[in-house]
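Here, each number is a calculation from the coordinates, and none is a lab measurement. Since we're looking at a predicted model, the values are computed, not measured. Here the Cβ positions follow ideal geometry from the backbone for every residue, glycine too, while neighbour counts run over all protein chains shown.
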Amino acid sequence: MLEKYLELLEHNLNWVKRQIREDERMKDLRFAREICNSHKYRVVGALELMLDMKEITWEKEHEERKKVDELFRIENLLEEIEKEGKK
């Protein structure tokens with residue numbers, strides 16, 4: 001199940017990054033933040049499911065949740081995309 005979680009995380013993160021690059025509506029930070037949160041909660045749902053099924057500990061869920069929160073912050077995504085563009 002952990003592999004599926006990691007796939008879900010990567011898929012949602014890449015989807016959001018692509019939308020930020022390509023979709024004009026994502027220039028509206030409020031709209032972009034809502035999109036980021038929507039996809040973040042999909043990933044968080046998988047974490048909660050793994051916790052409920054006792055596939056991960058509370059500590060691991062908490063650690064991953066903090067990581068997911070940072071990964072899906074619009075400011076962090078914009079900064080990361082800007083760095084990628086300069087390469």
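Give 74, 20 a once-over and let me know the one that is surrounded by 11 or more Cβ atoms within 10 Å (Cβ to Cβ), aliphatic (A, V, I, L, M), touching a residue at least 12 places away in the same chain (Cβ under 8 Å) and farther than 26 Å from residue 2 by Cα.
From the options 74, 20, the qualifying one is 20.
Restricting attention to region 56-70, does a residue exist that is of a type in the set (Val, Ile, Thr) and exposed (fewer than 14 other Cβ atoms within 10 Å of the Cβ)?
In the first step, residues of region 56-70 are kept if they are of a type in the set (Val, Ile, Thr); the result is 56-57, 68.
Among the residues that remain, those that are also exposed (fewer than 14 other Cβ atoms within 10 Å of the Cβ) are: 57.
The answer is yes; a qualifying residue exists.
Is there a residue in region 15-23 that is out of contact with any Cys (no Cβ under 7 Å at 6 or more places or on another chain) and of a type in the set (Val, Ile, Thr)?
Step one: list which residues in region 15-23 are out of contact with any Cys (no Cβ under 7 Å at 6 or more places or on another chain), which gives 15, 17-23.
From what's left, of a type in the set (Val, Ile, Thr): 20.
Among the residues of region 15-23, at least one is out of contact with any Cys (no Cβ under 7 Å at 6 or more places or on another chain) and of a type in the set (Val, Ile, Thr), which makes the answer yes.
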